[in-house]
1. Let me make sure I get this right: for the stretch 56-193, a, b and c are the square roots of the gyration tensor eigenvalues over alpha carbons, sorted descending. Under 1.5 in a/c it's rounded, otherwise prolate if a/b > b/c, else oblate. Which is it?
2. Taking the dipole about the Cα centre of the stretch 42-197, with the C-beta of Lys and Arg at +1 and of Asp and Glu at -1, give me whichever of Ala167, His137, Val65 is farthest to the positive side.
3. Looking at the square roots a ≥ b ≥ c of the eigenvalues of the Cα gyration tensor of the chain, which shape do they give, rounded for a/c under 1.5, prolate if a/b is larger than b/c, or oblate?
4. For the pair Ile199/Lys234, report the inter-label distance in nm, with labels modelled 7 Å from Cα in the Cβ direction.
5. May I ask you to order 243-256, 26-39 by the average number of other C-beta atoms within 10 Å around their residues, highest value first?
6. Before anything else, pin down the relative contact order of the stretch 97-191: Cα pairs under 8 Å, at least 6 apart, normalised by residue count, whole percent.
7. Just to confirm, what accessible area per residue do you get for the chain at 1.4 Å probe, in whole Å²?
8. Determine the alpha carbon to alpha carbon distance for each of Lys5/Lys53; Lys130/Lys161; Lys54/Lys151 and list only those over 29 Å.
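The values are calculated or read from the model by the stated rules, or taken from the named source; none is laboratory data. Quantities reported herein were computed from a predicted structural model and do not represent experimental measurements. Cβ: placed from backbone, ideal geometry, glycine included. Neighbour counts: every protein chain shown. Calculation scope for accessible area: heavy atoms of the full protein, side chains included, ligands and nucleic acids excluded. Shrake-Rupley method; radii C 1.70, N 1.55, O 1.52, S 1.80 Å.
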Amino acid sequence: MADDKDVLRDVWFGRIPACFTLNQDEVTEREAEPYYLLLPRVSYLTLVTDKVKKHFLKVMKAEDVEEMWFEYEGTPLKWHYPIGVLFDLHASNTILPWNITVHFKNFPEHDLLHCPSHSVIEAHFMSSIKEADALKHKSQVINDMQKKDHKQLWMGLQNDKFDQFWAMNRKLMEFPTEEGGFRYIPFRIYQTTGERPFIQKLFRPVSADGAVHTLGDLLREMYPTAVPNEGEEKRLLVVIHGIEPLFETPLQWLSEHLSHPDNFLHICVVPAPRTEKARPLLDSLFP
């Protein structure tokens, strides 16, 4: 892969300031103070909120505590989506810090997956990596790795160790030079409207005649309304890691540098702010 290590670092160390507040319907023995935390964009809510749970349990009785879950303005937050995706999808135009409500009761069974332990997050994470490598390399790279290599990927994410993670993840980002890129690009396009939670189809980084596919090419095929016609007002923002990449950006480069640790390129399509035509999105990638 092209060695733009500064880009990889900026993506890895992107943070979102968040304020966690206990839901007002929870029964407490005394008033619960909010808890502030810098959330890593590339991690998962249930992986980085042990301190949040510990903070609120201090004011609650054990019998009043069930599984912890999070909500933003009435929307339950799916822990199996990366934190940055949740923010870009639901709160990209909000004023920071991101106000998240904490619940310990009334788990929304139809909206969220249960997450009783970190091993559940690890299983989901590794499953995503294996799916991505099936698309990129027919699973050859991930299958050639040993179990300890898989563990290194997970521990790198869990412990926020950039070098530990990328020492192994680099192998998943390689491809034969003559092929010009991966077999297919692992991507998901998210939207707040629509029946499906995200769009995911097969798409190659290079066309049959050798032309390099761009972000714009992908969107024109998968989500045409996200690309405004010339002179047309922008109604939708296309966001990756809190920024709006140019539509001319090669898809292969995006996949190598702006994919999440699960090796998927997570793209959010959200309504543009109405008050300003081209207000830049709150960019928490570079705090």
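1. prolate
2. Farthest towards the positive end: Ala167.
3. Note, shape of the chain comes out oblate.
4. Simple spin-label model gives 1.8 nm for this pair.
5. Ranking, from highest mean packing down: 243-256, 26-39.
6. 25
7. Value for the chain: 50 Å² per residue.
8. Working: Lys5/Lys53 34 Å; Lys130/Lys161 21 Å; Lys54/Lys151 27 Å.
From the list (Lys5/Lys53; Lys130/Lys161; Lys54/Lys151), the Cα-Cα distance tops 29 Å for Lys5/Lys53.
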